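What follows is calculated from the coordinates using simple rules that are stated; it is not laboratory data. None of the values given here were measured: they were computed from a predicted structure. Cβ atoms come from the backbone with ideal geometry, glycine included; neighbour counts cover every protein chain shown.
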Amino acid sequence: MSSILTRSWAADVPAPRPDGPADPGVLVPFTAPQLSGVRARRHDAPVEYLLPNLAGGRGTYVAPWPMVAELTGPSLHDIVLAQRLAAQPLLSPAIVREQARLVALEGYAGRAAALEAARGRDSIAADAATLRGGLVSVLLHRAGLDRRGLPADPQTAPVREIARLIGWEPSQLDGVLGGIADAFLSVGTASAPRRMRRLLRLMTEVLPSMEEEQARLSHDHGTDAARPHLPSQLLRRLASDLAQAIAQANSFLSGIDRTLADPGMLIDFFRTDAIAAAAPVAAMDNLLDGWDRVCLSWQHAGTVSERHALIPIMGLYAGGRPQPDGGGKGSYAPPPFLDTGQGGAALISMRSRNEHVRARELALDHDPS
Amino acid sequence: MTPPDRPRSTPAAIHVRGLSQELRHASDNKILQVTRMVDMLPERGPADLLLEPVRARLAMLRPVRPMTRLRLLLTPADPVLVPAKSWHPDALTLPRSIIAPLVSLIAPTPEDVRGLNGQVPGDVSDGAALTRLGAPLWADTARRLTERDLPAAWSSREWQAQHGLTVTVLAPLLRALRLLLEQAVTLRQMPTLSDAPLEASLAEVLAAGSAAGPLGWGVMLAMVLGTCRAELVMPIMQRFMRDQRLAGPYAAGLEKAAKEMLDRIEDRIDAILPEAPLDAALASERIALAEKVGGFNRLDQRPPEEQRRTSRLRLKLIETNHALFERSLRARLLPPVGTAVMPATGDPGARDETVHTLEAEAQHLRGLAIAAKRLGDGERYERLLQEAAARYAAPPRAESLPLVDRMRLVELFAGPEAAWAMRPPAP
């Protein structure tokens, strides 16, 4: 095995390098429980998968898909998804999410997920139009214009008028506005929130429940350093990571909101350097990667037992990125699935749970509640 | 040890016995109705005895019952609590007739009794939540049982005749119950894996059991064997006994605990299965049984008689599980050719529901097949699953199940590779 797999210990992976931190990859929403926490990254070579804790030890294995499939036993959904990811020149949270949505839309993650994927697809165009319309309204307001005073066509007339005022071609302004709407669509605005705002709200709702459970676990099992209670330690770390992610995401969001509040400046910036203008959104997307699965799994677990069983697995979704402390005490190190003694029947039921969670993840793309 | 006298027959007891006999022959619905009525009584008393003859059927029917504080209190002892008339003094079980004396000891006032009959708020369907709710009650009751002496009046012939227990019999039973309550949290949180934490938890309960005398020791072993896989805990228990030089009644206790565990397994294997196809609860019960029998079957260095019995039970379980599997598979997922699995309806909701039901049943069946394989009976299941996979891979013309739904079913029957092979050729 060692001749094919490259083993890179957690201590080595995240060490700061002159050219930046090692790429931790993107969490892939696989449904097979054996693939929980598996991340994917792609540079020049084919897609690399990062597998946490394959043999029960600390560290991360890096392997190509055929090896991952042989070692873990993916579901049909996972095989299809890996095939689609292999065709992508780059992997980012947004790209993985889009490919996974398409696979779910075809029904590979079950009918509930297919329904949610279809609703998400249907809402994208409408939400992009809403975001674009909001930017145009602010621009009109800043220019002291009123939509009612413009010619009849409500879609193109305002853009033509603004373009005239700033000395651009209408098509050029139209293209930039479309680009901005696409780039900021996953965040939306405060009045028309989209996926990332919904996710941030979900994380904020889940955090107190996680902290409460951690306090109860500490109470039940004590805080004796000589006899540490691993689930309690892991949950403390998970809740702390979640709180930190919420704080950072709120900070990103404030910046994004300030940017969106000044569309004139954003248009200029976007025209000059679209990637830099959209960088805060991409950074926020990277930050939130995996927290949807953590929070929705937590919410989906209806019982205390289910939550306790999930704690080590959830750690792999978001906090399970290679850890700066090299996987010391209190880091996420769940037992490997294939050696839990739970047998295949338990794996089937866990896959079913993952499909429920998958449907809820897809609902974040459209659910206004 | 002398068996206690049978409870004295009062007119009320005779009446209850009559009703109870009628209930024995009642329909499932009637039993569920009576159970609901008994559960709603503020004070159950003799009405609880009504359910005595149908407890085995109630276990199969699995009605949702309100959790009172008394029921919560007794939860740790549930696996070893048996009806008074099927209890005998040598068994590693506790007769339900100890409940009334227990209540009078720990709840001396009518207000205390009302408190015990009060419903427990919160989620009691979940093991961990129930442990959390029960922990203070179990600790408090164990403390009370330590502090309180049995009243002198309980030595009277009248009291003993009324309760069917002598003080000589009752005292060790209450000590065993106290031990179970003291160790309840550790027992309920016993790790299931063969690793250091399991050994540490087990050492704790075994030490407590060995200090409680032969009955407490035996009851504790029975609880451990009921909770964990025999092949993991038996070697640890045997090592503990060797290290602690436990022999005589303690060694006999281990054999008795194993025998009674196999008795309980046999009762469950012999229980009449419902006519309905496999559902989630029944599937998990049959899988758990297979795990238990498989655990005993994997033990070596056990008495030949036990090994022969385990082999017999394994064969019996193999046959009953296989019959259940084939009946369930052919009921809906693999009906006779010409019968469509998808109803002819244009309602998308109904079609979604049908697919959901088919997938859930396929999951239960796959789970049972995996458990059967671990028992050494995989081949017959595989043949049936392959038959089902073939049916969905190339369905009859009339079948209107979409390709992806069929692929997902084939995945459950024959694995993802078989499903992947069904994909249409690339355009």
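Descriptive notes on the structure:
- Compactness check for segment A:171-215: Cα Rg over 2.2 N^0.38 Å is 1.77.
- Residue by residue along A:301-309, Cβ atoms of other protein chains within 10 Å of the local Cβ number 4 on average.
- In a fully extended conformation the segment linking B:S104 and B:A129 would gain 6.2 nm over its present Cα-Cα distance, using 0.36 nm per residue.
- Other residues lying with their Cβ under 15 Å from the Cβ of B:A247 contribute a combined charge of +2, Lys and Arg counting +1, Asp and Glu -1.
- Mean shadow area of the protein assembly as shown, taken as a quarter of the surface of its Cα convex hull (nm²): 43.0 nm²
- Degrees, to the nearest 10: B:213-227 long Cα axis against longest axis of chain B: 20 degrees
- Under Karplus coefficients 6.51, -1.76 and 1.60, residue-wise ³J(HN,Hα) of segment B:247-257 in Hz, glycine/proline x: 9, x, x, 6, 5, 5, x, 5, 5, 5, 4
- Most tightly packed first, judged by the mean number of other beta-carbon atoms within 10 Å of their residues, the peptides A:350-359, B:262-271, B:243-252, A:61-70 read A:350-359, A:61-70, B:262-271, B:243-252.
- Per-residue average of Cβ from other chains inside 10 Å of A:74-80: 6
- Mean sequence separation of contacting Cα pairs (under 8 Å, at least six apart), scaled by the length of segment B:336-420, corresponds to a relative contact order of 32 percent.
- Members of B:K259/B:K373; B:K316/B:K373; B:K259/B:K316; B:K256/B:K292 lying beyond 21 Å, as alpha-carbon distances in this model show: B:K259/B:K373
- When each of the peptides B:94-102, B:175-183, B:75-83, A:164-172 is scored by how many other beta carbons lie within 10 Å of its residues on average, the order from highest to lowest is B:175-183, B:94-102, B:75-83, A:164-172.
- Peptide B:128-140 has a mean shielding of 2, counted as Cβ atoms of other protein chains within 10 Å of each residue's Cβ.
- Simple Cβ-charge dipole of the protein assembly as shown, Lys/Arg +1 and Asp/Glu -1, about Cα centre, in debye nearest 20: 1400 debye
- Backbone phi angles across segment B:345-361, fed through the Karplus curve with coefficients 6.51, -1.76 and 1.60 (θ = phi - 60°), yield HN-Hα couplings of 9, x, 6, x, x, 5, 5, 4, 4, 5, 4, 4, 5, 4, 5, 4, 5 Hz in residue order; Gly and Pro are listed as x.
- Annotation: amide H-H contacts under 5 Å for A:G188 (H modelled 1.01 Å from N, sequence separation of 5 or more, or interchain): A:R194.
- Aspartates and glutamates with Cα under 13 Å of B:K85, excluding same-chain neighbours fewer than 8 positions away: B:D5, B:E52
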